[in-house]
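To start, the structure under review is shown below, and the notes come after it.
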Amino acid sequence: KKLRMDRNKAMELAVDSVRYAKKLCSEVEYSTEDASRTDFEYLCRVIEAVIKEGATIINVPDTVGYATPGEFGDLIRRLQEGVPALDKVTLSVHCHNDLGLATANTLSAINAGARQAEVTLNGIGERAGNTSLEEVVMALHTRSNFLSVSTGIDTKFIYPTSRLVTM
């Protein structure tokens, strides 16, 4: 609705855009806006099509912060089952904090297999903000027994960097 076109035209635009971008650079990220509220079968078809055209990162956003952690983690798991080619690309997430669940949704997605999280310092972002880098990093660091993913981020630099951003 936002693009004022039907699904077929939107998919054609997605494929054409990735094809064009692939001519310009080797790493191409395709973001499926509002994935948490998108028809699942259509979402799978679009993702399959853009991977076939050369997308190397597939971003699955909760654009309006609507999903709950269980729903979002389940979406990531279902996508991996429904789109076998996802194992050939980096699966990314981008969560908004409208319901205060951005960090929880991001951690749920990571636990379900996402390997890139789009985050912001101090959760800065439109409306209620985005997933907070410092919360995700510290959760992964502190709960490494539960979330067996590491970032390589030196946590001693989080506080001074956060302060720098607020000045």
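Read the figures in this text as sums done on the coordinates, not as results from a lab. Just so it is clear, the structure is predicted and the values come from calculations on it, not from any experiment. All Cβ positions, even for glycine, are placed from backbone atoms using ideal geometry, and neighbour counts span all protein chains on display.
In terms of the mean number of neighbouring beta-carbon atoms within 10 Å, the peptides 32-40, 105-113 order highest first as 105-113, 32-40. With 0.36 nm allotted per residue and the present C-alpha distance subtracted, the K2-I153 stretch has 50.7 nm of extension available.
May I ask for the percentage of alpha-carbon pairs in the stretch 26-88 that lie more than 17 Å from each other? Roughly 34 percent, rounded to a whole number. Per-residue Karplus couplings for the stretch 94-99, computed as 6.51 cos²θ - 1.76 cosθ + 1.60 with θ equal to phi - 60°, are listed in order as 8, 10, 9, 10, 4, 9 Hz, Gly and Pro entered as x. Taken about its Cα centre, the chain carries a charge dipole of roughly 220 debye when the Cβ of each Lys and Arg holds +1 and the Cβ of each Asp and Glu holds -1.
Modelled label positions at M167 and N145, each set 7 Å beyond Cα in the direction of Cβ, lie 3.9 nm from each other. Using just the C-alpha positions of the stretch 122-167 as equal point scatterers, what log10 of I(q)/I(0) does the Debye formula give at each q in 0.15 1/Å? Treating every Cα as an identical point scatterer, log10 I(q)/I(0) equals -0.44.
Per residue, the average separation of C-alpha pairs within less than 8 Å and at least 6 apart gives the chain a relative contact order of 16 percent. Exceedance of the 32 Å cut-off in Cα-Cα distance is limited, within the set K88/K156; K2/K23; K1/K52; K9/K88; K1/K22, to K88/K156.
Taking the Kirkwood radius as Rh and the Cα radius of gyration as Rg, the chain has a ratio of Rg/Rh equal to 0.99. Ordering V89, N105, T142 by the projection of their Cα atoms onto the charge dipole of the chain, which places +1 on the Cβ of Lys and Arg and -1 on the Cβ of Asp and Glu, puts V89 at the extreme positive end.
One chain, two ends: A128 and M11. Fully extended at 0.36 nm per residue, the span grows by 39.2 nm beyond their Cα-Cα distance. Projection of the Cα convex hull of the stretch 89-129, averaged over all directions and equal to a quarter of that hull's surface, yields 2.8 nm².
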